[in-house]
Amino acid sequence: MMSLTSGLDAAIAGKPFDSITFQLPWTARAFGLMLAASRAGHFSLKTFQAGLINTIDVSESRGLEIRTEEDYYTCWLEALTNLLESKQILTGQQLEIAEDKVRVRLRALDHDHSHTHIQGFPAPIYMEHGKCK
Amino acid sequence: MSIDKHNHDEKHHHHSDIGDKPWQAIRIEAVESLLHEIGVINSSDVDAIVHHYEEKVGPKTGARVVAKAWTDPDFKARLLADGLEACAELGIGGPETERLRVVENTDTLHNVVVCTLCSCYPWPILGLPPAWYKSSAYRSRLVREPRKVLEEMGLQLTQETEVRVWDSVSEIRYLVLPQRPSASAGMSESELMDIITRDAMIGVARVSV
C-alpha cells in the first residue's frame with residue numbers, strides 16, 4: 001500500500017499557505033509555458049490534461065510513484081513536449097538541436113565563471129607580523 | 001524521432017552533465033527558446049503567468065470567498081448555487097476553471113477533494129496545489145480509505161460523520177466550504193480570513209481558532 005509518509009509528512013504539516021510558489025525554477029517555466037501556449041490557442045487545457053493523465057498513468061503503471069514536485073512536473077514536461085510534437089509545433093530534431101545550444105551556452109558560462117572565480121579565501125590586503133618579546 | 005530520448009525509468013532524479021542543472025531544466029529552456037523563436041509564445045507571457053501564480057493568487061483568495069460566505073448568508077446561497085459566478089462578484093476567477101462546485105461541511109457531513117487522475121484543482125481560487133495533493137499516495141488512497149487518510153493527515157472524523165470524496169476533473173473543480181468554528185463568533189471578515197487554511201478548503205483539515 002502506498003504510504004503518505006516518505007517525504008510527504010513535511011508537506012502536510014499544518015502550514016496553511018505554503019506550496020504557493022514553485023520549489024524548482026524549471027517547474028515554474030514548465031507550468032507557465034504550457035499555459036502561455038494554451039492561452040495562445042495552440043491547444044486546449046483539456047487536451048493537455050488528457051496527455052498529462054496518460055503520462056502519469058504510464059509512469060505509475062511502471063512503478064514510478066509521484067512523490068515530489070520534481071516527479072510530477074517531469075510528467076508535465078513529457079506531456080507538454082509530446083503534445084507539441086503531435087501538434088507539429090516542434091520536432092524532436094529541433095528540440096535536440098535547441099538542447100545542444102543550451103548546453104553549449106551553459107558550458108561557456110561555466111567556463112567563464114571558472115576564470116573569474118576566486119580560489120579559496122582572498123589574501124588580506126595588509127599584514128603585520130607579530131614580534132616576539 | 002521521438003522527443004523523449006530519456007529512458008522513462010531514469011527520469012526521476014536524473015541530472016544532466018552540466019553542474020547540478022537537471023535535464024528537465026535544459027529541456028524546458030530549449031522548448032521555451034524554440035517556441036519563442038517560432039512565435040508560438042512570448043517569454044514575457046510566461047514570466048507574467050508565473051508571476052501571477054506566485055504572487056497574486058493563492059489560498060488567501062479562497063479564504064476571502066469562505067470568509068464572505070460565513071458572514072453573508074445571501075452570498076453563501078449564491079456560492080453554493082454557482083461557485084464561479086459568486087466568486088466573480090469578488091473579482092475572483094480566470095480562464096483555468098470552467099465550473100466550480102462548492103460543497104459545504106456540516107456537523108454530520110464532511111467533504112474532501114481529490115483528483116484521482118492527475119491534479120485538477122481550482123487554480124484561480126486556491127492557487128497551485130500542494131505537493132501531496134499530486135502524489136500517487138493521496139490520489140489512489142483517498143478514494144478507497146478516506147477516513148484513514150484523513151486521520152493520517154491529522155483529521156479525525158466520528159463514525160457518524162458521512163464522508164464524501166469529490167473527484168475533481170477538468171470540467172468541474174471543487175471547493176470545500178468548511179464549518180465556521182463557534183469560537184470565531186464576533187470575528188471580522190478579515191480576521192476570519194486569517195484562520196481559514198488551504199487544507200480546510202480541500203477538506204483535509206478543520207478550521208480552528
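Values in this text are rule-based calculations from the coordinates and carry no lab data. Since we're looking at a predicted model, the values are computed, not measured. For neighbour counting, all protein chains shown are included, and Cβ atoms are generated from backbone atoms with ideal geometry for every residue, glycine included.
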Checklist outcome for this item: For region B:59-202, averaging the sequence separation of alpha carbon pairs under 8 Å that lie six or more residues apart and dividing by its residue count, the contact order in percent is 35 percent
Checklist entry - When DSSP assigns beta bridges and you keep just the ones with both residues in chain B, what percent turn out antiparallel, to the nearest 5? => result 10 percent
Checklist outcome for this item: Output field shielding_mean for B:46-52 (other chain Cβ, 10 Å radius) holds 6
Item to check | Cβ-Cβ FRET estimate between residue A:58 and residue B:209, R0 fixed at 45 Å, reported to 0.05 | outcome: 0.50
Checklist outcome for this item: Neighbour-count ranking for B:162, B:104, A:85 (other C-beta within 10 angstrom, fewest to most) reads B:162, B:104, A:85
Checklist outcome for this item: Descending packing, highest mean Cβ count within 10 Å first, for A:62-73, B:143-154, B:193-204 is B:193-204, A:62-73, B:143-154
Checklist entry - If the chain between residue B:143 and residue B:88 were fully stretched, how many nm would it gain, using 0.36 nm times the residue separation less the Cα-Cα distance? => result 16.7 nm
Next on the checklist: Under the rule of at least 5 residues apart or a separate chain, name every residue whose amide H is placed under 5 Å from the amide H of residue B:166.
Outcome noted: B:112, B:113, B:114
Item to check | Cα-Cα over 29 Å, subset of A:46/B:148; A:46/B:56; B:56/B:148; B:56/B:76 | outcome: A:46/B:148; B:56/B:148
Item to check | Spatially proximal aspartates and glutamates relative to residue A:87 (Cα-Cα < 18 Å; intrachain offsets below 8 disregarded) | outcome: A:78, A:96, B:4, B:32, B:37
